[in-house]
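Colleague: Attaching a single structure in structure tokens format; questions to follow.
The values are calculated or read from the model by the stated rules, or taken from the named source; none is laboratory data. Please read all numbers here as calculations on a predicted model, not as lab measurements. A quick note on method: Cβ atoms are made from the backbone with ideal geometry, for glycine too, and the neighbour counts reach across all protein chains shown.
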Ligand code: ADP
Ligand code: ADP
């Protein structure tokens with residue numbers, strides 16, 4: 001379990017453009033934080049700095065108590081789910097789920113255990129022997145989420161994970177990801193989540209709290225009920 005803190009974090013890209021202007025944000029242990037805002041407001045830059053995929057120009061990011069500014073992505077205890085979640089086409093669902101653990105040199109018994117547990121959480125058990133081309137879009141995206149879960153990260157990062165799905169699938173995946181977060185929390189598994197989206201419905205229905213960004217600044221951080229209540 002781990003909280004995440006941003007302390008006066010800035011990002012200046014190499015062309016001199018200042019994308020993030022000294023943001024402060026604390027995400028509590030186990031919290032589901034949704035980052036929303038219009039395209040270009042720096043949601044993705046912020047998430048990528050947390051993931052270690054983009055350098056931090058100023059300030060500090062902590063995961064737990066550790067300052068992660070200079071840590072490589074795999075040293076941060078995070079797992080990320082992307083919009084373009086390309087699965088390995090020649091590997092079965094089971095092999096796709098276990099691949100990262102195999103690279104990390106876990107024993108076969110441990111890999112099987114983690115993979116079967118993730119498959120159960122995501123209702124993928126009947127699909128473990130299928131190839132990606134035999135899956136629907138929603139099933140494939142569940143495998144992508146499963147690949148993050150098997151790593152047992154301290155923090156889950158989602159970057160617009162549902163943007164490529166049709167409206168009906170998006171609706172059912174919203175519920176699945178929320179339920180998954182609850183299930184992980186209930187079993188005392190780490191479930192701190194940072195979820196980036198431009199979709200208001202996702203923000204409202206999934207977030208414990210919502211962080212609203214605009215032009216590289218944080219405008220508001222509050223619960224969905226407080227943010228969206230009638231004026
Ligand atoms: P860096 O992350 O070091 O800025 P990149 O390889 O990401 O370098 O991008 C190289 C250059 O391309 C940037 O300096 C910038 O001028 C331009 N660029 C890339 N992506 C974007 C973007 N989303 N918006 C504006 N300019 C961009
Ligand atoms: P969002 O995820 O909210 O759509 P981004 O984090 O992708 O926003 O981008 C924030 C701002 O930073 C935008 O103005 C974008 O053009 C700019 N930007 C993103 N990547 C780069 C880059 N590599 N170089 C220069 N500017 C960039």
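Colleague: When region 2-16 is examined, which residues are found to be in contact with a strand residue (DSSP E or B) (Cβ under 8 Å, 6 or more places away or on another chain) and at pLDDT 95 or above?
Modeller: Those that are in contact with a strand residue (DSSP E or B) (Cβ under 8 Å, 6 or more places away or on another chain) and at pLDDT 95 or above: 3, 4, 5, 6, 7, 8, 9, 10, 11, 12, 13.
Colleague: Residue 95 fails exactly one of the following numbered conditions: (1) away from ligand 1 (no atom under 16 Å from the Cβ); (2) surrounded by 15 or more Cβ atoms within 10 Å (Cβ to Cβ); (3) in contact (Cβ under 8 Å) with a residue 12 or more places away in the chain. What is the number of that condition?
Modeller: (3)
Colleague: I'd like the full set of residues that are assigned to a loop (DSSP other than H, G, I, E, B) and either modelled with pLDDT under 95 or within 15 Å of residue 195 (Cβ to Cβ) (or both), limited to region 17-28.
Modeller: Looking only at region 17-28, we keep the residues that are assigned to a loop (DSSP other than H, G, I, E, B), and these are 17, 28.
Of everything in region 17-28, just one residue is assigned to a loop (DSSP other than H, G, I, E, B) and either modelled with pLDDT under 95 or within 15 Å of residue 195 (Cβ to Cβ) (or both), namely 28.
Colleague: How many residues, within region 40-66, are within 16 Å of ligand 1 (Cβ to nearest atom) and farther than 25 Å from residue 227 by Cβ?
Modeller: The qualifying residues number 8.
Colleague: Here's a follow-up. In region 200-225, how many residues are in contact (Cβ under 8 Å) with a residue 60 or more places away in the chain and part of a helix (DSSP H, G or I)?
Modeller: Counting residues in region 200-225 that are in contact (Cβ under 8 Å) with a residue 60 or more places away in the chain and part of a helix (DSSP H, G or I) gives 4.
Colleague: Mind counting the residues in region 19-39 that are within 17 Å of the chain's Cα centre (by Cα) and more than 16 Å from ligand 1 (Cβ to nearest atom)?
Modeller: Taking region 19-39 and keeping what is within 17 Å of the chain's Cα centre (by Cα), we get 25-37.
Imposing the further condition that a residue be more than 16 Å from ligand 1 (Cβ to nearest atom) reduces the set to 25-36.
Total meeting the criteria: 12.
Colleague: Output yes when any residue across region 2-16 is under 22 Å from residue 219 (Cα atoms), within 19 Å of the chain's Cα centre (by Cα), touching a residue at least 40 places away in the same chain (Cβ under 8 Å) and assigned to a loop (DSSP other than H, G, I, E, B), and no when none is.
Modeller: Yes; the residues of region 2-16 include at least one that is under 22 Å from residue 219 (Cα atoms), within 19 Å of the chain's Cα centre (by Cα), touching a residue at least 40 places away in the same chain (Cβ under 8 Å) and assigned to a loop (DSSP other than H, G, I, E, B).
Colleague: Only one of (1) crowded, with 16+ Cβ neighbours inside 10 Å; (2) closer than 29 Å to residue 26 by Cβ fails for residue 163. Which number is that?
Modeller: Going through the list (1) crowded, with 16+ Cβ neighbours inside 10 Å; (2) closer than 29 Å to residue 26 by Cβ, residue 163 breaks only (1).
Colleague: Only one of 84, 69 is modelled with pLDDT of 95 or more, more than 15 Å from ligand 1 (Cβ to nearest atom) and part of a loop (DSSP other than H, G, I, E, B). Can you tell me which? Quick ask: steps written out before the conclusion?
Modeller: Values: 84 fails: modelled with pLDDT of 95 or more.
Step by step, each of 84, 69 is checked, and only 69 is modelled with pLDDT of 95 or more, more than 15 Å from ligand 1 (Cβ to nearest atom) and part of a loop (DSSP other than H, G, I, E, B).
Colleague: Next question, about the same structure. Would you call residue 223 away from ligand 1 (no atom under 16 Å from the Cβ) and over 25 Å from residue 77 (Cβ atoms)?
Modeller: yes
Results for (1) under 17 Å from the mean Cα position of the chain (by Cα); (2) part of a loop (DSSP other than H, G, I, E, B); (3) modelled with pLDDT of 90 or more, shown as yes or no for each residue.
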site: 164; (1), (2), (3): yes, yes, no
site: 168; (1), (2), (3): no, no, no
site: 177; (1), (2), (3): yes, no, yes
site: 180; (1), (2), (3): yes, no, no
site: 190; (1), (2), (3): yes, yes, no
site: 193; (1), (2), (3): yes, no, yes
site: 198; (1), (2), (3): yes, yes, yes
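Colleague: Look at residue 96 and say whether it is within 16 Å of ligand 2 (Cβ to nearest atom) and either under 20 Å from the mean Cα position of the chain (by Cα) or under 26 Å from residue 3 (Cβ atoms) (or both). So that I can check it myself, show each step before the final result.
Modeller: Working: within 16 Å of ligand 2 (Cβ to nearest atom): no; either under 20 Å from the mean Cα position of the chain (by Cα) or under 26 Å from residue 3 (Cβ atoms) (or both): yes.
The answer is no for residue 96.
Colleague: Also, quick follow-up: How many residues, within region 1-21, are within 15 Å of ligand 2 (Cβ to nearest atom) and surrounded by fewer than 22 Cβ atoms within 10 Å (Cβ to Cβ)?
Modeller: Matching residues across region 1-21 total 10.
Colleague: For region 34-53, which residues satisfy the criterion of being farther than 14 Å from residue 199 by Cα, more than 8 Å from ligand 2 (Cβ to nearest atom) and not in a loop (DSSP other than H, G, I, E, B)?
Modeller: Scanning region 34-53 gives 49, 50, 51.
Colleague: Among all residue pairs at least 6 apart or on different chains, which show Cβ distances below 9 Å where the first residue, located in region 39-52, is closer than 18 Å to residue 63 by Cβ and the second is part of a helix (DSSP H, G or I) and more than 7 Å from ligand 2 (Cβ to nearest atom)?
Modeller: Hits for this filter: 51/73; 52/73; 52/74; 52/75.
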